[in-house]
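Just below is one structure, and these are the notes that go with it.
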Amino acid sequence: MSVVAELRRVSVLLGHGEHEVAALNRVDMQVEAGEILGVVGESGAGKSTLARIFLRLAPPADGAVLLEDSDITILSERRLRRLRGRMTMVFRDPRAVLNPRMTVRALLEEPLRLHTKLNAGARRTAIDALAARIHLRPAELDLRPDALGTDRLQLVGLGRAIASQPKLLVLDEPTRELDMAAAAELLGLLAQLRDGGMAIVLMSHDIAAVQPVADRIAVLYLGEIVEEGATADLLADPLHPYTQSLLSAHLPADPARRGRRIRLRGEPPLPDERTSGCGFAPRCPIAENRCRSGAPTPNLVGTNRRVACLRVLEGSSRIPLSR
Amino acid sequence: MLLDVQDLRVEHQGRAADNVARRPSALNGVSFRVVKGRILGLVGEHGSGKSLTASAILGLLQPRSRVVGGRALFEGQDLLRMSDADLTRLRGARIGFVVQSGHATLDPNTRVGAQLIRAQSVHRRVAKAEAAWRAETIMSSMGIVEPRLRAQAWPHELTPAAVQRVVLALALINEPQLLIADEPTAGLDITTQVQILDLLYLELRRRRIGGMIITRDLGVVAQYCDDIAVMYGGQVVEQGPVPQVFARPAHPFTRALLATMPERLAIDAGKVRAGPLPEAPDGCPYRPRCDEATERCAIAPPLVGAGVHAARCHFARIGAP
């Protein structure tokens, strides 16, 4: 499989002067054609920054951003604009990004007008085909966002993003505002797009929200990847203490599986609360003194997994469960 | 019985674009019960009437909505026929209420500690020192570290999670018999959500407070609730004790909801279709989306089932595997 988008040791700084903090810290990431990469992290972890970097909506402070083997780290806005149809994005709240004065048809037509050379008639045909693909009914094409529920609007958001047949699709918490049936529907559509060869980055604060379709999952904490691996492996045997905590915080819809979970202290920190050493150490139930001084870097564990934890190397990174 | 809602009906009043007055019914006979010391999870999708049910019970409907039928008995008294003054005395005292948007609950001009003190003195005579002590105690039981220091904070200085902890503290500070919480952890990070729900659960259990948690997340219900009521199209379509309903869901909508939980979700690309909420058809409201619907579903289905577990479906088989 070919790599569609790649980040090489990307760092991003936010703020100025003494308030400058690293929103992303030397992140390496790749996503291939026909693959869904799930990126999981809580608020402040750097998900949205990561999305902006993948699409080159902002330049990184350090490192390189690649799209289909060409380096787009330092392109002019003009040259970037020509690539916009090849890398697109879906946002968390469709109501906030869709122009309320446009009909669904006009909203779907906009990317076709900007990024393709189709004439009006061809655009019309393309919109009808696109609507069918994203499960919109013909009658819904004539409505404005106000007349549609969030669930339906998110399909419009997806339709806009895939209208120009992008190589790379980035979705930032696309199912967070949706009902569960609608979320499942959206994930089903993503699986179809993946099978059609698109490279997809799917971000969420909840592993469970990406798990049904992600081929690989990367876990982000304080701007760093703490663990990355194939979905099935990572779920079956999470190695980083933070991954274990995240999985443990998911509430299974099964009353027979109550109790016993890992409880973390405090809230996810903001980048300006970063201490030296491992970023997770202040909340980690099994942190040792050395975790507070030396910052671990992602190490290959086995053939297919990267984990940034000092205790993983000696196989002692598992947190005992408490009731 | 702590809260017994029977056949609650609510209509919206308004005019459509053609200037013809319409009265779409939003709640079509909602019935459920909250038992003392037990926690009920009220689940359903957007627009199924969960929040509206809570607002109607508490007399907090928007002006254009009104109750047109039913009863809501709280310890035997009908809340729907109570005077505003009596309701005001109940709300925040014997019934705690947490609305969906926590931040809107807090007064931006008052430090959080003072708000917790005020919430007590509104309802009864209490010495300031005692009120302050109680405020700190409840803050700490909701997981706020250094409560004395945090009591001096302004609402805008708090993180979203801390706001939600304070909002829950406000709802609990007068030791209510019933707590109604509308999506108490929506929008929070997953690790903090679990922390807050754990603390809330402990507090409800410890003081034997009856709970009604409104949520879209069946995981919250499975982990923290004793009973479940599933809403669809302005009705409760299934209710019963959590273990029974999860093991043997009797209504097709409940089964569909359970099937969309991420850990049970088998993505069969493109097969799942959510579909827009239908315009209240005759008969079963779930009919347009139901795989198992037949001609009979054009007739409004009865409540099937005896005792604690019941579903509103012609074909419900309670307790069947």
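The values are calculated or read from the model by the stated rules, or taken from the named source; none is laboratory data. Treat the numbers as computed from the prediction; the structure is a model and nothing was measured. Cβ: placed from backbone, ideal geometry, glycine included. Neighbour counts: every protein chain shown.
Going through B:Ala114, B:Ala135, B:Ala153, B:Ala85 one at a time, which residue ends up being aliphatic (A, V, I, L, M), within 29 Å of A:Pro268 (Cα to Cα) and surrounded by fewer than 16 Cβ atoms within 10 Å (Cβ to Cβ)? Talk me through it step by step, then tell me what you get.
Numbers: B:Ala114 fails: surrounded by fewer than 16 Cβ atoms within 10 Å (Cβ to Cβ); B:Ala135 fails: surrounded by fewer than 16 Cβ atoms within 10 Å (Cβ to Cβ); B:Ala85 fails: within 29 Å of A:Pro268 (Cα to Cα).
Matching residue, one of B:Ala114, B:Ala135, B:Ala153, B:Ala85: B:Ala153.
Given A:Ser43, A:Ser48, which one is in a loop (DSSP other than H, G, I, E, B), buried (at least 16 other Cβ atoms within 10 Å of the Cβ) and at pLDDT below 95?
So the residue among A:Ser43, A:Ser48 that is in a loop (DSSP other than H, G, I, E, B), buried (at least 16 other Cβ atoms within 10 Å of the Cβ) and at pLDDT below 95 is A:Ser43.
Would you tally the residues in the stretch B:153-199 being within 14 Å of the chain's Cα centre (by Cα), within 14 Å of chain A (Cβ to nearest Cβ) and touching a residue at least 40 places away in the same chain (Cβ under 8 Å)?
Residues that pass the stated criteria total 3.
Quick check on A:Leu189: is it over 14 Å from the mean Cα position of the chain (by Cα), outside any strand (DSSP E or B) and more than 12 Å from every other protein chain (Cβ to nearest Cβ)?
No, not satisfied.
Would you check if A:Asp62 is over 14 Å from the mean Cα position of the chain (by Cα) and either buried (at least 19 other Cβ atoms within 10 Å of the Cβ) or touching a residue at least 60 places away in the same chain (Cβ under 8 Å) (or both)?
So A:Asp62 does not fit the description; no.
Taking the stretch B:221-239 as the search range and keeping residues that are under 12 Å from the mean Cα position of the chain (by Cα) and within 9 Å of chain A (Cβ to nearest Cβ), which one is surrounded by the fewest Cβ atoms within 10 Å (Cβ to Cβ)?
B:Cys225
For A:Ala214, work out the one condition from (1) assigned to a loop (DSSP other than H, G, I, E, B); (2) away from every other protein chain (no Cβ under 14 Å) it doesn't fulfil.
All conditions pass for A:Ala214, except number (2).
For the stretch B:217-321, give me every one of the strands (runs of 3 or more DSSP E) that falls completely inside it and has 2 or more residues that are at pLDDT 95 or above. Explain how you work it out, then say what you get.
On the way: elements: B:227-232, B:235-241, B:310-312.
The strands (runs of 3 or more DSSP E) meeting that bar are B:227-232, B:235-241.
For A:Gly157, indicate whether it is at pLDDT below 95, within 28 Å of B:Ala259 (Cα to Cα) and out of contact with any Ser or Thr (no Cβ under 8 Å at 6 or more places or on another chain).
Spelling it out, it is not the case that A:Gly157 is at pLDDT below 95, within 28 Å of B:Ala259 (Cα to Cα) and out of contact with any Ser or Thr (no Cβ under 8 Å at 6 or more places or on another chain).
Out of all the residues in the stretch B:218-233, which are over 18 Å from B:Arg38 (Cβ atoms) and free of Cβ contacts under 8 Å to residues at least 60 places away in the same chain?
B:Gly219
If I filter the stretch A:236-256 down to residues being of a type in the set (Gly, Ala, Ser) and in a loop (DSSP other than H, G, I, E, B), which single residue comes out as surrounded by the fewest Cβ atoms within 10 Å (Cβ to Cβ)?
In this case the residue turns out to be A:Ala256.
Scanning for something farther than 24 Å from B:Leu200 by Cβ, of a type in the set (Lys, Arg) and assigned to a helix (DSSP H, G or I), does the stretch B:78-85 turn up at least one residue?
yes
Kindly evaluate A:Asp254 against the criterion of being within 14 Å of chain B (Cβ to nearest Cβ) and in contact (Cβ under 8 Å) with a residue 60 or more places away in the chain.
no
Among the residues that make up the stretch A:167-180, is at least one of them basic (Lys, Arg), at pLDDT 95 or above and not in a loop (DSSP other than H, G, I, E, B)?
Let us first name the residues in the stretch A:167-180 that are basic (Lys, Arg), namely A:167, A:176.
Those still in the list that are at pLDDT 95 or above too: A:167.
Among the residues that remain, those that are also not in a loop (DSSP other than H, G, I, E, B) are: none.
Taking every residue of the stretch A:167-180 in turn, none turns out to be basic (Lys, Arg), at pLDDT 95 or above and not in a loop (DSSP other than H, G, I, E, B).
Answer with yes or no whether A:Gly315 is touching a Ser or Thr at 6+ places or on another chain (Cβ under 6 Å), surrounded by fewer than 21 Cβ atoms within 10 Å (Cβ to Cβ), more than 12 Å from chain B (Cβ to nearest Cβ) and not in a helix (DSSP H, G or I).
No; evaluated as a whole, the condition is false for this residue.
Test of understanding: among A:Gly266, A:Gly277, A:Gly188, A:Gly197, which residue is touching a residue at least 40 places away in the same chain (Cβ under 8 Å) and surrounded by fewer than 23 Cβ atoms within 10 Å (Cβ to Cβ)?
That would be A:Gly197, the only listed residue that is touching a residue at least 40 places away in the same chain (Cβ under 8 Å) and surrounded by fewer than 23 Cβ atoms within 10 Å (Cβ to Cβ).
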